[in-house]
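Engineer: Shown below is the structure under consideration.
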Amino acid sequence: MRFRPENGDVIFADSQGISRIRVGDQQASIMTQWCSRSVYSVEGISPDGQYLALVSYGLQGYVILLNINAGQIIGVYPASYVNHLRFSADGRKIFVMAKNGLIQMDRTRSLDPQAIIRHPQYGDVACIPEP
């Protein structure tokens, strides 16, 4: 969960997906839904509240970076058995403690998200609601 002071939004993730509560609203609105076969956990929100980092489980795991406002996958990075994840203060770097040690990822450099969205074992990584 993260509070975004610039607009008063509260962003959180649960078993349904990523949701937002706006100032003055009494109910959350779903921004992004998980697919039923997706197996991953929410590990971090960037300091500016713009990006959400997810981690898929398993040997061939990935760190998946979502743009919260757009509800789109913008980056995918290979990382197996992630134990801990943190964004740098400026949000450009992602530091991941994985099975083989510390990995530093650059938010602007990733695998092609379209090549990774369909995971061979777990199916779709994220489902975006239809407009």
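Engineer: Out of region 58-67, which residues are within 18 Å of Ile18 (Cα to Cα) and surrounded by fewer than 22 Cβ atoms within 10 Å (Cβ to Cβ)?
Structural biologist: Residue satisfying the conditions is Asn67 alone.
Engineer: Looking only at region 13-32, filter to residues that are within 29 Å of Pro78 (Cβ to Cβ) and surrounded by fewer than 17 Cβ atoms within 10 Å (Cβ to Cβ); which one of those is modelled with the highest pLDDT?
Structural biologist: Once the filter is applied, the top-ranked residue is Ile30.
Engineer: Continuing with the same structure: So which of Ala98, Ala115 is among the hydrophobic types (A, V, I, L, M, F, W, C) and modelled with pLDDT under 75?
Structural biologist: Ala115
Engineer: Any residue in region 1-24 that is hydroxyl-bearing (Ser, Thr, Tyr) sitting within a Cβ distance under 7 Å of a residue that is in a loop (DSSP other than H, G, I, E, B) and modelled with pLDDT of 75 or more? List the pairs, counting only those 6 or more apart or interchain.
Structural biologist: As it stands, the answer is Ser19/Ala28, since those pairs meet every condition given.
Engineer: Suppose we keep only residues that are part of a loop (DSSP other than H, G, I, E, B) and over 15 Å from the mean Cα position of the chain (by Cα) within region 93-110. Which one would you say is farthest from Leu52 (Cα to Cα)?
Structural biologist: Asn100
Engineer: Looking at the structure I just gave you, is Val42 modelled with pLDDT under 70, under 24 Å from Met97 (Cβ atoms) and surrounded by 12 or more Cβ atoms within 10 Å (Cβ to Cβ)?
Structural biologist: yes
The values are calculated or read from the model by the stated rules, or taken from the named source; none is laboratory data. It should be emphasised that the depicted structure is a prediction, and the values quoted were computed from it without experimental measurement. With ideal geometry, Cβ positions are generated from the backbone for all residues, glycine too; neighbour counts draw on all protein chains shown.
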